[in-house]
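Presented below is the structure to which this report refers.
The values are calculated or read from the model by the stated rules, or taken from the named source; none is laboratory data. Only a predicted model underlies this, so the values are computations on that prediction, with no experimental measurement involved. Virtual Cβ from ideal backbone geometry, glycine too; neighbours counted across all protein chains shown.
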Amino acid sequence: MKPRILNRRQLQWMDLLNHYNYVISYRPGSRNSAVDTLSRKGELALENPIEEEPTTLFPLDRFREISTEIAELDDRELMDVMIAIIEEAISSDQEIQERIRTLLLHINELPNDVISHDGLAYHGDQIFVPDDNEIKAMIMRLYHNSPIVGHLGQQGTLELVQRMYWWKGQALYVRDYVKGCHTCAQHKHRNWKTPGTLQPLPTPTGPWEWTQSDHITGLLVSSSYDTIYVIMDRLTKMAHFIPTHTMANTDDLVQLHLKHVWKHHRVPQVHNTDWGTLFTADYT
(Lines give C-alpha, C1' and ligand atoms only; values in the text may rest on other atoms or scores of the structure.)
Protein backbone atom coordinates (compact mmCIF):
# COMPACT_ATOMS: atom_id res chain seq x y z
CA MET A 1 0.00 0.00 0.00
CA LYS A 2 1.46 3.37 -1.05
CA PRO A 3 1.87 6.07 1.63
CA ARG A 4 -0.61 8.90 1.29
CA ILE A 5 0.68 12.39 0.50
CA LEU A 6 -0.78 14.84 3.01
CA ASN A 7 -1.51 18.49 2.29
CA ARG A 8 -0.40 21.35 4.51
CA ARG A 9 -3.52 21.41 6.69
CA GLN A 10 -3.39 17.64 7.24
CA LEU A 11 0.28 17.87 8.22
CA GLN A 12 -0.57 20.52 10.85
CA TRP A 13 -3.24 18.30 12.40
CA MET A 14 -0.92 15.31 12.25
CA ASP A 15 1.81 17.22 14.11
CA LEU A 16 -0.70 18.25 16.79
CA LEU A 17 -2.25 14.79 17.27
CA ASN A 18 1.11 13.03 17.51
CA HIS A 19 1.47 14.43 21.05
CA TYR A 20 -1.52 12.36 22.26
CA ASN A 21 -1.93 8.66 22.92
CA TYR A 22 -5.31 7.74 21.45
CA VAL A 23 -7.10 4.98 19.57
CA ILE A 24 -9.67 5.66 16.81
CA SER A 25 -12.52 3.12 16.76
CA TYR A 26 -16.00 2.99 15.30
CA ARG A 27 -19.04 3.24 17.59
CA PRO A 28 -22.63 3.03 16.26
CA GLY A 29 -24.85 6.05 16.78
CA SER A 30 -27.23 4.09 19.04
CA ARG A 31 -24.37 3.55 21.53
CA ASN A 32 -22.98 7.09 21.22
CA SER A 33 -25.60 8.94 23.28
CA ALA A 34 -23.01 10.45 25.63
CA VAL A 35 -21.59 12.58 22.87
CA ASP A 36 -25.03 13.93 21.98
CA THR A 37 -25.67 14.76 25.64
CA LEU A 38 -22.39 16.67 25.99
CA SER A 39 -22.95 18.57 22.77
CA ARG A 40 -26.37 19.82 23.95
CA LYS A 41 -25.60 21.74 27.11
CA GLY A 42 -28.69 22.83 29.01
CA GLU A 43 -27.18 26.14 30.16
CA LEU A 44 -26.78 27.20 26.53
CA ALA A 45 -30.45 26.73 25.68
CA LEU A 46 -32.69 29.79 25.43
CA GLU A 47 -35.18 30.34 28.25
CA ASN A 48 -38.02 31.40 25.95
CA PRO A 49 -37.14 30.28 22.45
CA ILE A 50 -39.01 32.01 19.67
CA GLU A 51 -40.72 29.45 17.49
CA GLU A 52 -40.96 30.43 13.88
CA GLU A 53 -44.39 30.43 12.34
CA PRO A 54 -44.75 28.00 9.44
CA THR A 55 -44.46 29.71 6.07
CA THR A 56 -46.90 28.87 3.30
CA LEU A 57 -45.03 28.65 0.01
CA PHE A 58 -48.08 28.11 -2.20
CA PRO A 59 -51.38 29.50 -0.92
CA LEU A 60 -54.55 27.62 -1.71
CA ASP A 61 -55.93 30.36 -3.94
CA ARG A 62 -53.12 29.62 -6.42
CA PHE A 63 -54.53 26.17 -7.14
CA ARG A 64 -57.54 25.26 -9.19
CA GLU A 65 -60.11 23.16 -7.45
CA ILE A 66 -59.73 20.33 -9.91
CA SER A 67 -60.81 17.70 -7.42
CA THR A 68 -64.06 19.61 -6.79
CA GLU A 69 -64.76 19.89 -10.50
CA ILE A 70 -64.18 16.18 -11.02
CA ALA A 71 -66.32 15.32 -8.00
CA GLU A 72 -69.23 17.22 -9.56
CA LEU A 73 -69.18 14.86 -12.58
CA ASP A 74 -71.14 11.64 -12.44
CA ASP A 75 -69.73 8.38 -13.74
CA ARG A 76 -71.29 8.83 -17.18
CA GLU A 77 -69.87 12.33 -17.66
CA LEU A 78 -66.45 11.25 -16.43
CA MET A 79 -66.47 8.35 -18.89
CA ASP A 80 -67.40 10.72 -21.72
CA VAL A 81 -64.44 12.97 -20.87
CA MET A 82 -62.02 10.04 -20.90
CA ILE A 83 -63.43 8.74 -24.19
CA ALA A 84 -63.05 12.20 -25.77
CA ILE A 85 -59.39 12.38 -24.73
CA ILE A 86 -58.65 8.90 -26.08
CA GLU A 87 -60.51 9.57 -29.34
CA GLU A 88 -58.49 12.75 -29.86
CA ALA A 89 -55.25 10.79 -29.47
CA ILE A 90 -56.49 8.06 -31.85
CA SER A 91 -57.58 10.59 -34.47
CA SER A 92 -54.17 12.29 -34.27
CA ASP A 93 -52.44 8.94 -34.86
CA GLN A 94 -54.72 8.23 -37.80
CA GLU A 95 -53.95 11.63 -39.33
CA ILE A 96 -50.22 10.98 -38.96
CA GLN A 97 -50.53 7.57 -40.62
CA GLU A 98 -52.56 9.01 -43.49
CA ARG A 99 -49.83 11.57 -44.13
CA ILE A 100 -47.23 8.80 -44.07
CA ARG A 101 -49.25 6.82 -46.64
CA THR A 102 -49.42 9.87 -48.91
CA LEU A 103 -45.69 10.51 -48.61
CA LEU A 104 -44.77 6.86 -49.27
CA LEU A 105 -46.47 7.05 -52.67
CA HIS A 106 -43.65 9.34 -53.83
CA ILE A 107 -40.82 7.19 -52.43
CA ASN A 108 -39.43 4.67 -54.93
CA GLU A 109 -36.99 2.82 -52.70
CA LEU A 110 -37.24 1.89 -49.02
CA PRO A 111 -34.40 0.85 -46.68
CA ASN A 112 -33.46 -2.83 -46.74
CA ASP A 113 -34.88 -3.54 -43.26
CA VAL A 114 -38.26 -1.89 -44.01
CA ILE A 115 -41.22 -3.88 -45.39
CA SER A 116 -44.26 -2.34 -47.12
CA HIS A 117 -47.71 -3.56 -46.06
CA ASP A 118 -51.23 -2.13 -46.54
CA GLY A 119 -49.99 1.29 -47.67
CA LEU A 120 -47.57 1.68 -44.75
CA ALA A 121 -43.95 0.66 -44.30
CA TYR A 122 -42.86 -1.25 -41.20
CA HIS A 123 -39.53 -1.62 -39.42
CA GLY A 124 -40.28 -4.71 -37.38
CA ASP A 125 -43.48 -3.89 -35.49
CA GLN A 126 -42.98 -0.12 -35.83
CA ILE A 127 -44.31 2.14 -38.56
CA PHE A 128 -41.52 3.56 -40.70
CA VAL A 129 -41.53 7.37 -40.81
CA PRO A 130 -40.03 8.96 -43.96
CA ASP A 131 -37.60 11.84 -43.69
CA ASP A 132 -40.22 14.57 -43.28
CA ASN A 133 -39.82 17.14 -40.51
CA GLU A 134 -43.52 18.03 -40.41
CA ILE A 135 -44.60 14.43 -39.73
CA LYS A 136 -41.89 14.00 -37.09
CA ALA A 137 -43.02 17.22 -35.39
CA MET A 138 -46.64 15.97 -35.34
CA ILE A 139 -45.50 12.74 -33.68
CA MET A 140 -43.51 14.64 -31.07
CA ARG A 141 -46.42 16.98 -30.30
CA LEU A 142 -48.67 13.97 -29.78
CA TYR A 143 -46.27 11.94 -27.64
CA HIS A 144 -44.60 14.77 -25.74
CA ASN A 145 -46.71 17.95 -25.73
CA SER A 146 -50.21 16.55 -25.34
CA PRO A 147 -51.86 16.79 -21.87
CA ILE A 148 -52.41 13.03 -21.74
CA VAL A 149 -48.62 12.52 -21.83
CA GLY A 150 -47.47 15.47 -19.76
CA HIS A 151 -44.02 16.41 -21.15
CA LEU A 152 -41.98 13.36 -20.21
CA GLY A 153 -38.19 13.43 -20.30
CA GLN A 154 -35.98 12.27 -23.14
CA GLN A 155 -36.06 8.56 -22.31
CA GLY A 156 -39.78 8.46 -21.50
CA THR A 157 -40.70 10.28 -24.71
CA LEU A 158 -38.45 8.03 -26.77
CA GLU A 159 -40.05 4.90 -25.31
CA LEU A 160 -43.55 6.17 -26.15
CA VAL A 161 -42.62 7.08 -29.71
CA GLN A 162 -40.84 3.77 -30.32
CA ARG A 163 -43.97 1.83 -29.40
CA MET A 164 -45.52 2.96 -32.68
CA TYR A 165 -42.99 4.70 -34.97
CA TRP A 166 -39.39 4.37 -36.14
CA TRP A 167 -37.01 6.42 -38.27
CA LYS A 168 -33.26 6.68 -38.66
CA GLY A 169 -31.64 8.88 -36.01
CA GLN A 170 -34.78 8.73 -33.87
CA ALA A 171 -33.05 8.93 -30.49
CA LEU A 172 -31.06 12.01 -31.49
CA TYR A 173 -34.17 13.73 -32.87
CA VAL A 174 -36.16 13.07 -29.69
CA ARG A 175 -33.29 14.30 -27.52
CA ASP A 176 -32.98 17.58 -29.45
CA TYR A 177 -36.76 18.09 -29.43
CA VAL A 178 -37.06 17.61 -25.66
CA LYS A 179 -34.05 19.86 -25.04
CA GLY A 180 -35.68 22.60 -27.12
CA CYS A 181 -39.13 22.25 -25.52
CA HIS A 182 -40.05 25.66 -24.08
CA THR A 183 -42.51 24.24 -21.54
CA CYS A 184 -39.97 21.74 -20.18
CA ALA A 185 -37.33 24.47 -19.89
CA GLN A 186 -39.71 26.60 -17.80
CA HIS A 187 -41.11 23.98 -15.44
CA LYS A 188 -38.64 21.08 -15.12
CA HIS A 189 -36.26 21.36 -12.18
CA ARG A 190 -32.52 21.50 -12.76
CA ASN A 191 -30.64 18.27 -12.11
CA TRP A 192 -27.19 19.82 -11.91
CA LYS A 193 -25.39 21.67 -9.17
CA THR A 194 -25.50 25.46 -9.19
CA PRO A 195 -22.09 26.72 -10.32
CA GLY A 196 -20.08 28.72 -7.84
CA THR A 197 -19.18 32.39 -8.14
CA LEU A 198 -16.03 33.55 -9.87
CA GLN A 199 -13.02 34.12 -7.62
CA PRO A 200 -10.91 37.02 -8.94
CA LEU A 201 -7.16 36.70 -8.63
CA PRO A 202 -5.44 39.12 -6.21
CA THR A 203 -3.39 41.99 -7.58
CA PRO A 204 0.39 41.40 -7.46
CA THR A 205 2.39 43.68 -5.16
CA GLY A 206 5.29 44.21 -7.57
CA PRO A 207 6.36 43.75 -11.20
CA TRP A 208 7.26 40.25 -12.37
CA GLU A 209 6.20 38.67 -9.09
CA TRP A 210 3.23 36.98 -10.77
CA THR A 211 3.48 35.83 -14.38
CA GLN A 212 1.33 33.79 -16.73
CA SER A 213 2.01 32.09 -20.04
CA ASP A 214 0.32 30.36 -22.96
CA HIS A 215 0.92 29.36 -26.58
CA ILE A 216 -0.28 30.95 -29.81
CA THR A 217 -0.56 28.07 -32.27
CA GLY A 218 -1.81 27.44 -35.78
CA LEU A 219 0.63 29.92 -37.36
CA LEU A 220 2.48 29.66 -40.67
CA VAL A 221 6.05 28.40 -40.48
CA SER A 222 8.58 31.24 -40.33
CA SER A 223 12.31 30.60 -39.88
CA SER A 224 11.45 27.04 -38.84
CA TYR A 225 9.13 28.31 -36.04
CA ASP A 226 5.36 27.74 -36.02
CA THR A 227 4.34 28.76 -32.47
CA ILE A 228 4.71 31.81 -30.21
CA TYR A 229 5.16 31.29 -26.48
CA VAL A 230 3.81 34.32 -24.60
CA ILE A 231 4.95 35.11 -21.03
CA MET A 232 3.28 38.16 -19.43
CA ASP A 233 3.54 40.01 -16.14
CA ARG A 234 0.11 40.38 -14.50
CA LEU A 235 0.84 43.76 -12.93
CA THR A 236 2.54 45.76 -15.72
CA LYS A 237 1.11 43.70 -18.64
CA MET A 238 4.62 43.61 -20.12
CA ALA A 239 5.04 40.47 -22.22
CA HIS A 240 7.73 38.45 -24.00
CA PHE A 241 6.80 36.85 -27.33
CA ILE A 242 9.17 33.95 -27.89
CA PRO A 243 9.22 31.91 -31.14
CA THR A 244 9.16 28.17 -30.59
CA HIS A 245 7.83 24.90 -32.04
CA THR A 246 4.61 22.97 -31.62
CA MET A 247 6.63 19.90 -30.64
CA ALA A 248 8.48 21.69 -27.82
CA ASN A 249 8.53 19.67 -24.59
CA THR A 250 8.73 20.68 -20.94
CA ASP A 251 12.54 20.93 -20.97
CA ASP A 252 12.33 23.35 -23.90
CA LEU A 253 9.88 25.54 -21.97
CA VAL A 254 12.23 25.67 -18.99
CA GLN A 255 15.05 26.83 -21.25
CA LEU A 256 12.81 29.53 -22.75
CA HIS A 257 12.01 30.85 -19.27
CA LEU A 258 15.69 30.84 -18.29
CA LYS A 259 16.90 32.53 -21.48
CA HIS A 260 14.20 35.14 -22.07
CA VAL A 261 12.53 35.92 -18.74
CA TRP A 262 14.16 34.76 -15.53
CA LYS A 263 17.62 36.17 -16.33
CA HIS A 264 16.02 39.61 -16.85
CA HIS A 265 13.27 39.70 -14.22
CA ARG A 266 14.20 36.94 -11.70
CA VAL A 267 12.09 33.89 -10.86
CA PRO A 268 8.47 34.91 -10.06
CA GLN A 269 6.71 33.95 -6.88
CA VAL A 270 3.58 32.76 -8.73
CA HIS A 271 3.10 31.55 -12.31
CA ASN A 272 -0.28 30.88 -13.97
CA THR A 273 -0.91 28.48 -16.87
CA ASP A 274 -3.78 26.46 -18.26
CA TRP A 275 -4.18 22.71 -17.74
CA GLY A 276 -2.22 21.65 -20.82
CA THR A 277 0.04 18.62 -20.48
CA LEU A 278 3.13 20.77 -20.93
CA PHE A 279 2.16 22.96 -17.98
CA THR A 280 1.18 20.12 -15.63
CA ALA A 281 4.59 18.46 -15.84
CA ASP A 282 6.94 18.10 -12.88
CA TYR A 283 8.91 21.28 -13.55
CA THR A 284 5.86 23.49 -12.85
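Here the condition is being free of Cβ contacts under 8 Å to residues at least 24 places away in the same chain and in contact with a strand residue (DSSP E or B) (Cβ under 8 Å, 6 or more places away or on another chain); of 257, 245, 265, 271, it holds for 245 alone.
In region 153-174, of all residues being hydrophobic (A, V, I, L, M, F, W, C) and in contact (Cβ under 8 Å) with a residue 24 or more places away in the chain, the one that is farthest from residue 129 (Cα to Cα) corresponds to 174. Considering only residues that are over 15 Å from the mean Cα position of the chain (by Cα) and not hydroxyl-bearing (Ser, Thr, Tyr), look in region 181-191 and name the one that is nearest to residue 111 (Cα to Cα). Filtering first and then ranking leaves 181.
Quick grid of which residues meet (1) within 38 Å of the chain's Cα centre (by Cα); (2) surrounded by 14 or more Cβ atoms within 10 Å (Cβ to Cβ):
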| residue | (1), (2) |
| --- | --- |
| 233 | yes, yes |
| 245 | yes, no |
| 261 | no, yes |
| 265 | no, yes |
| 273 | yes, yes |
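Answer with yes or no whether residue 188 is basic (Lys, Arg), surrounded by fewer than 15 Cβ atoms within 10 Å (Cβ to Cβ), closer than 30 Å to residue 115 by Cβ and in contact (Cβ under 8 Å) with a residue 24 or more places away in the chain. For residue 188, the condition - basic (Lys, Arg), surrounded by fewer than 15 Cβ atoms within 10 Å (Cβ to Cβ), closer than 30 Å to residue 115 by Cβ and in contact (Cβ under 8 Å) with a residue 24 or more places away in the chain - is not met. Test residue 208 against the criterion of being of a type in the set (A, V, I, L, M, F, W, C), surrounded by fewer than 17 Cβ atoms within 10 Å (Cβ to Cβ) and out of contact with any Phe, Trp or Tyr (no Cβ under 6 Å at 6 or more places or on another chain), and give yes or no. When the stated conditions are applied, residue 208 does not pass them.
The residue list 91, 39, 25, 30 contains one member that is farther than 30 Å from residue 128 by Cβ, small (Gly, Ala, Ser) and modelled with pLDDT under 65, which is 39.
In this structure, residue 196 does not satisfy being under 30 Å from residue 124 (Cβ atoms), under 30 Å from the mean Cα position of the chain (by Cα) and of a type in the set (Gly, Ala, Ser).
Using the structure shown, decide if residue 214 is in the same structural domain as residue 251 (by TED's automatic domain parsing), buried (at least 16 other Cβ atoms within 10 Å of the Cβ), under 21 Å from residue 262 (Cβ atoms) and modelled with pLDDT of 90 or more. Here the answer is no, as residue 214 does not meet what is asked. Residues in region 158-204 that are assigned to a loop (DSSP other than H, G, I, E, B) and not charged (D, E, K, R): 19 in all. Are any of the residues in region 106-121 touching a residue at least 24 places away in the same chain (Cβ under 8 Å), surrounded by 16 or more Cβ atoms within 10 Å (Cβ to Cβ) and on the phi < 0 side of the Ramachandran plot? Checking region 106-121: not a single residue is touching a residue at least 24 places away in the same chain (Cβ under 8 Å), surrounded by 16 or more Cβ atoms within 10 Å (Cβ to Cβ) and on the phi < 0 side of the Ramachandran plot.
When you check residue 225 against the structure, is it closer than 30 Å to residue 142 by Cα and not acidic (Asp, Glu), yes or no? Here the answer is no, as residue 225 does not meet what is asked.
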